[in-house]
Amino acid sequence: FKHGTGCTQCRNTGFKGLTGIYEFIVVTPEISEKIIEGASLRVIREIARRYGYVPLFEAGLEKLTAGTICLEELLKETSNIEEYFETRHQMNIEVPNVDPV
C-alpha cells in the first residue's frame, strides 16, 4: 500500500488535500416498504445493493486500491470491518482483491 513520506507542505503527514469516503442508500419504494415492515439492516442493505449501494468500507477499499488513500486512514475511518466481511460472506459475494500496489 502507498503512504506518503511527508514534507513541509503537508506538515509531514504524507497527505495532500482531503478525500471523502461516502455511502448512501437511495430509499426506493421496495426499501421503504421493508423499513416500514421493520426489516433488519442486513436485508435492507441486500436490497440496496441491487440499486447500487456500496458500503463505506468497500468504497474505501476502492480508493485504497486506486492509491488515493492509505490503509491506516481506511481502518481509522471505517469502524466495522468484521461486519463488512460477514455481510459479504452471508450474501455469497466475492471480497475485492486488495493486493498491495
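Bear in mind that the values in this text are calculations on the coordinates, not laboratory data. Just so we're clear, the structure is a prediction, and the values are computed from it rather than from any experiment. Please note: Cβ atoms are built from the backbone with ideal geometry, for glycine as well, and neighbour counts cover all protein chains shown.
Values computed for the structure shown
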{"item": "Selection of GluC sites (Glu not before Pro), region 10-75, meeting DSSP coil and at most 16 other Cβ within 10 Å", "result": "E23"}
{"item": "Added length on full extension, which subtracts the Cα-Cα distance from 0.36 nm per residue, N12 to S40", "result": "5.7 nm"}
{"item": "Least to most buried among Y53, Y22 (fewest other Cβ within 10 Å first)", "result": "Y22, Y53"}
{"item": "Karplus-derived 3J(HN,Hα), 6.51/-1.76/1.60, for each residue of region 25-33, Hz, glycine and proline x", "result": "10, 7, 7, 7, x, 5, 5, 4, 4"}
